[in-house]
Amino acid sequence: MKILVPIKRVPDWQIKLKLLPDGSGVQTDGIKWIINTFDEIAVEEAIRLKERGIASEIVLVSIGPADVRQRLEYALAMGADSAILVKHDGPVDSDLASRALAAVFKRGDYALVLMGKQAIDSDSGQTAQLLAARLNLPQACFASKVAIDGGAAVVTREVDGGLETLKIPLPCVVSTDLRLNEPRYAALPNLMKAKKKPFEETSLEALGVAQEVKVRVKALSIPLGRKAGKKVASVAELVSALQNEAKVL
Amino acid sequence: MGKVLVFVQHDQGRVLKGSLCALSAARQLATAWGSEGIVALVLGPGAKTAADEVSHFGVQSVLYSDSPLFERYRSEPYGRAIALAASQLGASTVVALANSTGKDCLPRVSVLLDAAQASDITAVNGDGTLKRPMYAGNIMADVELQSANRVVSVRGTAFPPAERGSAPPGSVGELPLAGDAELHEQPRFGEVLGYELSKAERPELADAEIVVSGGRALASAENFQKVIFPLADALKAAVGASRAAVDSGYAPNDWQVGQTGKVVAPNLYIAVGISGAIQHLAGMKDSKVIVAINKDPDAPIFEVADYGLVADLFQVAPELTTAVAGIRS
Ligand SMILES: Cc1cc2nc3c(=O)[nH]c(=O)nc-3n(C[C@H](O)[C@H](O)[C@H](O)COP(=O)(O)OP(=O)(O)OC[C@H]3O[C@@H](n4cnc5c(N)ncnc54)[C@H](O)[C@@H]3O)c2cc1C
């Protein structure tokens, strides 16, 4: 069973982001990039499926500029087998990403797509579902447990109200939630070896995918933060403030 | 512009408050985009009851289906039915609440309608662009959807619930499923094997007036129950949790507040033993009044709290419970 794991490169969530002076984007010069947290969880899950003898091969794919290669190499060092970089410098929205991923999916013989439920930069949470719909495949989103049972995936989903267990036939698309696993760190020797793993560069053009984006970001802004209020010294003072000042009790 | 279709969610016929918020967002979109009015769709057991209710909220017509296909939510039949209803009702925009169901099925609708989608919008701007949070709410984006058909998911807490109107109700009719040849039970739709739902003993987290949330500092599920529950019950509040508390098994997954959990905006949010990581703040910083209890005076939660109490939670939370119980009785 071959697994496709799409990954997105995002700014490290621990850094404080600044806007470009004209508000058209986020300042990304020299910042630290990471693999989107949810995608890293997808890579880990694919590796575990391989370690259990269920998956035979893990192929990574990402869309972005040339230096996304470093992130792909990190995921290769975690244990994926090969990587595809769809080189593209322009804006990518969920729709474009899903069209590119669908084209890549169709070139291989994949039984499963494992990917993050959302990217922590754009927070749109659409790409996995868009991809599934485009390929007319079933989906199981927000997974906190994934099992393969013959020709089907049995997925525990984190939904409002609790957990749902969904059984869908392969091939399918599964999107990962935070509690699925804790990703391993890639060991240093593996980082060196990863550079020798198969790495393909391609382009939207070569995949026959149009570059247009449908969601245009017109302006970005930093929301006005809340101001720190005051410290109270005791429960009695707190209760009195909530009753008399804030009037919420 | 065609009409705006609202996919209205309900629980056995009882319309979700968040869907009423989506309805008011739909009204704003209809105004900003010059749409030809609002229509609605309701699916699943109890759909007719919910459809009758929705017809009083200023919609032209409501379609419903309680076909066995929709008995348990599954992304594909729901997505297909929503797209089908949009084409039957002449809607070019589809709107729904960005809860787990809306997040799951709306992108499938986007593909079927070849639409651009904006997720989790918090405002409709006068120029027709939509405001939505990115980077865990650290940055707000104004986005334009550049396509004839459009799909929008709505952050419930950012819009007031629509109110029942006095105008005559809109028409209510059944959604004819024949329009989509693929909309019959298909193996690929899959099967829901079961649910593990947390017991709903308290107000719904997303709608509650008061939320009490506990963090890693509670240190065990027993402590969480012993310290957080009584305080919540004294306040008639919903219970929330940080990711650390959920990951450690102190609280069920659907209580998680934050970037990847639920977004809440109650009148009063009490964070107990929560440090205030940006991902947690993303889910609660629009609360009207925030109280933080933390023993570390430098915890970032105090930067957003209206009232901060630097203390050991195991001492002051029970004191607060007693004090509140005294007021409320
Ligand atoms: C992609 C991503 C998504 C995430 N999504 C979410 C999300 O949706 N929601 C979320 O909450 N987190 C989320 N997180 C995790 C987040 O970064 C934090 O790790 C988490 O919120 C920390 O939880 P906490 O505040 O309970 O624990 P900690 O950060 O460990 O804080 C515990 C606090 O308790 C205080 N304390 C300890 N003992 C006591 C005591 N006896 N009395 C009083 N105070 C005490 C400490 O001073 C400390 O401030 C996400 C992280 C990532 C990377």
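Before moving on, here are some points about what is shown:
- Taken over the stretch B:1-59, the criterion of being among the β-branched types (V, I, T), open to solvent by less than 20 Å² (accessible area, probe 1.4 Å) and in a helix (DSSP H, G or I) is satisfied by B:V54 alone.
- Filter result (touching a strand residue (DSSP E or B) at 6+ places or on another chain (Cβ under 7 Å), more than 14 Å from chain A (Cβ to nearest Cβ) and open to solvent by 20 Å² or more (accessible area, probe 1.4 Å)) within the stretch B:64-77: B:Y64
- Check on A:E200, closer than 28 Å to A:Q70 by Cα, open to solvent by 40 Å² or more (accessible area, probe 1.4 Å), assigned to a strand (DSSP E or B) and of a type outside the set (A, V, I, L, M, F, W, C): yes
- Residue ID - farthest from A:R157 (Cα to Cα), chosen from residues in the stretch B:183-217 that are away from chain A (no Cβ under 11 Å) and not in a loop (DSSP other than H, G, I, E, B): B:A217
- Taking the stretch A:119-170 as the region of interest, the strands (runs of 3 or more DSSP E) fully inside it that hold 2 or more residues being more than 7 Å from chain B (Cβ to nearest Cβ) and touching a strand residue (DSSP E or B) at 6+ places or on another chain (Cβ under 8 Å) are A:139-149, A:152-159.
- Residue identified as out of contact with any Leu (no Cβ under 6 Å at 6 or more places or on another chain), part of a loop (DSSP other than H, G, I, E, B) and of a type in the set (V, I, T) among A:V104, A:V92: A:V92
- Complete set of residues in the stretch B:286-323 that are open to solvent by less than 60 Å² (accessible area, probe 1.4 Å), facing chain A (nearest Cβ under 7 Å) and not in a strand (DSSP E or B): B:F302, B:V304, B:A305, B:D306, B:V316, B:L320, B:A323
- Residue in the stretch B:150-172 that is within 11 Å of chain A (Cβ to nearest Cβ) and open to solvent by 50 Å² or more (accessible area, probe 1.4 Å) present: no
- Scanning the stretch B:207-217 for residues that are surrounded by fewer than 24 Cβ atoms within 10 Å (Cβ to Cβ) and away from the ligand (no atom under 13 Å from the Cβ) gives B:D207, B:A208, B:E209, B:I210.
- Any hit, the stretch B:245-259, residues being among the small types (G, A, S), without any contact (Cβ under 8 Å) to a residue 24 or more places away in the chain and closer than 18 Å to B:A219 by Cα: no
- Candidates A:K227, A:K247, filtered to the one that is within 14 Å of chain B (Cβ to nearest Cβ), assigned to a loop (DSSP other than H, G, I, E, B) and more than 27 Å from B:Y135 (Cβ to Cβ): A:K247
- Matching residues, the stretch A:203-223, being facing chain B (nearest Cβ under 10 Å) and not in a strand (DSSP E or B): A:E212, A:V213, A:K214, A:I222, A:P223
- Condition met for B:Y250 (within 11 Å of another protein chain (Cβ to nearest Cβ), of a type in the set (F, W, Y), crowded, with 21+ Cβ neighbours inside 10 Å and farther than 24 Å from B:F159 by Cα): no
- All positions within the stretch B:78-122 that are more than 10 Å from every other protein chain (Cβ to nearest Cβ), open to solvent by 30 Å² or more (accessible area, probe 1.4 Å) and not in a helix (DSSP H, G or I): B:G90
- Of all residues making up the stretch B:218-243, the number that are within 8 Å of the ligand (Cβ to nearest atom) and within 11 Å of chain A (Cβ to nearest Cβ): 1
Table: residues versus (1) within 12 Å of the ligand (Cβ to nearest atom); (2) at pLDDT below 95.
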site	(1), (2)
B:A251	yes, no
B:W255	yes, no
B:T260	yes, yes
B:L268	no, no
B:I274	yes, no
B:Q279	yes, no
B:A282	yes, no
B:V289	no, no
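- Lone qualifier among A:A186, A:A206, A:A194 - being surrounded by fewer than 17 Cβ atoms within 10 Å (Cβ to Cβ), away from the ligand (no atom under 16 Å from the Cβ) and small (G, A, S): A:A206
The values are calculated or read from the model by the stated rules, or taken from the named source; none is laboratory data. Treat the numbers as computed from the prediction; the structure is a model and nothing was measured. Don't worry about glycine lacking a Cβ; one is built from the backbone with ideal geometry, like all the others, and counts go over all protein chains shown. These accessible areas exclude ligands, DNA and RNA; they are computed on the full protein's heavy atoms, side chains included. Shrake-Rupley method; radii C 1.70, N 1.55, O 1.52, S 1.80 Å.
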